[in-house]
Amino acid sequence: MRYIALSLSFILIISLFDCKSAHSSRDDYSLVKTDNTLTFPLDSETSTLNMVLFPYTDGIGEEYLTFQNARKNEILIYEMNTGTLVRKIKPALEGPDGIDRLFGYYIKDWDNIYVTTISTSVMALIDSSAKVKDRIDFGKGTDGLITGYSHTTSFLYRPIVIHNNKMFIVRGVNMAMQPNPVSITIDLQTKEVGVLPFDYPLASASNVKTKNSQTTYYLSRCFDGANFIYSFYYDEDIYVTLPEHQSVRKIPVVSRYIPKVEYDEIKTSGDPMKNAVENPNYGNLIFDPYRDVYYRFAYPKNEVDMNDNFRELWNYGRKIFSVMILNRDFQVIGETLFPEYIYNPGVVFVNKDGLYISASHFKNPEYSDDELKFVCFRLEKNK
């Protein structure tokens, strides 16, 4: 039986709420917990650890929650409202329909599902029976750019975007390469791989300070129908650009709970995973089309128990987090701090009801291995 860790220190709580009151003028909106919950039963072969999860609405308006089973090569399809498992899509590892180890996907429709893999630069197009219909090798661009891999994940929120018959994907950082573009495109008719002119902005800084590409690799990207927005975990600024990426706006979006991002100690001192779950930094940025706002997740500085499994804490959303609320002009109009060890901010989705956040944190006293549970938070204007 898992145990519940010690609470945040009294000093940290006081400092956080003092900081909140000093910025109350920004709190026009808050995320308010509702009684709406969604629960998806899991069998003994399916883990609550989840790094690839996306909602999907089919052509007749039926809503589904889809996620990858971290333990197997399969995508699970659940009815959203009933929590009923209706389908398992099981790509083969080898053979004529083999795709290698699944790590990410994009469901265009049931007959066209793009899947990415854990270590290759080949994307497969499959149908719901997992039969391979096509393969796209995006490893080399027209100008010679090499892309070793690209993962379509939600834990690092970077879903595939299809716009004007082009697929936009995030490529991994290569610290030895210049230029070092963040995203590439794939023409869905010609399969030509194009390079977008926006380089990793933290590449030189992380190379000098830590020699650790992970400080640059951790990023989120969303698309609001007009703009691509990038949020790097170790950068307080966000980056906004049109699909062509010819001009990029750099906009400060600072959490009241993070006076300063800390990444220069991640590898230079102490246990690197302990530092990763304790040091303050930012997380995913997600667009909410129903309320026309953006949510940027932030992780305040904290302390964890020396006996904790630091890797597991990282995977399940750390200890404490906040959600910043941004309007269409990327102004902060609110920020909500969440209780420690209850929710997993790496497993979320948006629908017409609100922002659903997983309550399946392994330190949550109501945690169960047998279900993936979500709680709905509604955006409300403060009185």
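The values are calculated or read from the model by the stated rules, or taken from the named source; none is laboratory data. Since the structure is predicted, the reported quantities are computational estimates derived from the model, not experimental observations. Note that each Cβ is placed from the backbone with ideal geometry, even for glycine, and that neighbours are counted across all protein chains shown. When the accessible area is computed, the model is the full protein with side chains, heavy atoms only, and any ligands, DNA or RNA have been set aside. Shrake-Rupley method; radii C 1.70, N 1.55, O 1.52, S 1.80 Å.
In sequence order, what are the phi-derived ³J(HN,Hα) couplings for the range 161-166 according to the Karplus relation 6.51 cos²θ - 1.76 cosθ + 1.60 with θ = phi - 60°, rounded to whole Hz, with x for glycine and proline?
Residue by residue, the range 161-166 yields 10, 10, 9, 6, 6, 10 Hz.
Can you compute the helix-only [θ] at 222 nm over the chain? Use -39500 (n - 2.57) per DSSP H run of at least 4 residues, normalise by all residues, nearest 500 deg cm²/dmol. It would help to have the intermediate numbers written out before the result.
Values: 5 runs with 37 residues, N = 383.
Mean residue ellipticity, 222 nm, calculated: -2500 deg cm²/dmol.
Taking the simple approach of a point 7 Å from Cα along Cα-to-Cβ for both Asp28 and Arg328, what is their distance in nm?
Those two pseudo-labels are separated by 1.3 nm.
Which far-off residues, 5 or more places away or on another chain, put their amide H under 5 Å from the one on Gly104, with H placed in the peptide plane?
So Gly104 has HN proximity to Thr116.
Rounded, prolate or oblate: pick one for the range 24-115, where a ≥ b ≥ c are the square roots of the eigenvalues of its C-alpha gyration tensor, a/c under 1.5 means rounded, and failing that, prolate if a/b is larger than b/c, else oblate.
Values: a/c = 1.94, a/b = 1.90, b/c = 1.02.
Note, shape of the range 24-115 comes out prolate.
Longer than 26 Å from Cα to Cα, which of Lys72/Lys373; Lys301/Lys381; Lys260/Lys319; Lys250/Lys373; Lys33/Lys383 are they? Say none if no pair is. It would help to have the intermediate numbers written out before the result.
Details: Lys72/Lys373 20 Å; Lys301/Lys381 28 Å; Lys260/Lys319 18 Å; Lys250/Lys373 36 Å; Lys33/Lys383 16 Å.
From the list (Lys72/Lys373; Lys301/Lys381; Lys260/Lys319; Lys250/Lys373; Lys33/Lys383), the Cα-Cα distance tops 26 Å for Lys301/Lys381; Lys250/Lys373.
How far is it, in nm, from the label point at Asn165 to the one at Ile60 when both lie 7 Å from their Cα along the line to the Cβ?
It is 3.0 nm.
For an R0 of 51 angstrom, estimate the FRET efficiency from the Cβ-Cβ distance between Asp187 and Lys383 and round to the nearest 0.05. Display every interim value, and only then the final one.
Details: r = 51 Å, r/R0 = 0.99.
The calculated FRET efficiency here is 0.50.
Sequence-distant or interchain residues sharing an amide H contact under 5 Å with Arg171, placed H: which?
Correct list: Ser183, Ile184.
Ignoring ligands, DNA and RNA, please state the percent of accessible area on the chain from carbon and sulfur, probe 1.4 Å. Working shown, then result.
Details: 8280 of 16690 Å².
The C+S portion of the solvent-accessible surface of the chain is 50 percent.
Can you give me the relative contact order of the chain as a percent, contacts being Cα pairs under 8 Å and 6 or more apart? Numbers along the way, then the final one.
On the way: 872 pairs, mean separation 62.0, N = 383.
This gives 16 percent for the chain.
With θ set to phi - 60°, apply the Karplus curve 6.51 cos²θ - 1.76 cosθ + 1.60 along the range 133-146 and write out the HN-Hα couplings as whole Hz, x wherever there is a Gly or Pro.
Working through the residues one at a time gives 9, 6, 9, 10, 9, 9, x, 9, x, 5, 9, x, 4, 9 Hz.
Pick from Tyr230, Tyr282, Tyr367 the residue whose mean-square fluctuation is largest in a GNM of the chain, springs joining Cα atoms under 10 Å.
Maximum among the listed residues: Tyr367.
Sequence neighbours fewer than 8 away in the same chain don't count; with that in mind, list the lysines whose C-alpha is under 23 Å from Lys191.
Within the straight-line cut-off, Lys191 pairs with Lys108, Lys131, Lys133, Lys140, Lys166.
May I ask you to give the solvent-accessible area per residue for the chain, in square angstrom, as obtained with a 1.4 angstrom probe? Don't jump to the answer; show the numbers that get you there.
On the way: 16690 Å² over 383 residues.
That works out to 44 Å² for each residue.
Based only on Cα atoms, what mean projected area does the convex hull of the chain have, in nm²?
Working: hull surface 76.9 nm².
Answer in nm², one decimal: 19.2.
Work out the FRET efficiency for Asp134 and Ala92 from their Cβ-Cβ distance, taking R0 = 25 Å, and round it to the nearest 0.05. Don't jump to the answer; show the numbers that get you there.
Numbers: r = 16 Å, r/R0 = 0.62.
Result of the calculation: an efficiency of 0.95.
If the chain between Asp308 and Asp43 were fully stretched, how many nm would it gain, using 0.36 nm times the residue separation less the Cα-Cα distance?
92.8 nm
Would you mind getting me the FRET efficiency between Asp143 and Phe223? Use the beta-carbon distance for r and R0 = 22 Å, nearest 0.05. Write down the numbers at each step before the final one.
Working: r = 24 Å, r/R0 = 1.08.
It comes to 0.40.
In terms of Cα to Cα distance under 18 Å, which aspartates and glutamates are near enough to Lys363, apart from those fewer than 8 places away along the same chain?
Candidates past the 8-residue exclusion: Glu278, Glu303, Asp305, Asp308, Glu312, Glu340, Glu371.
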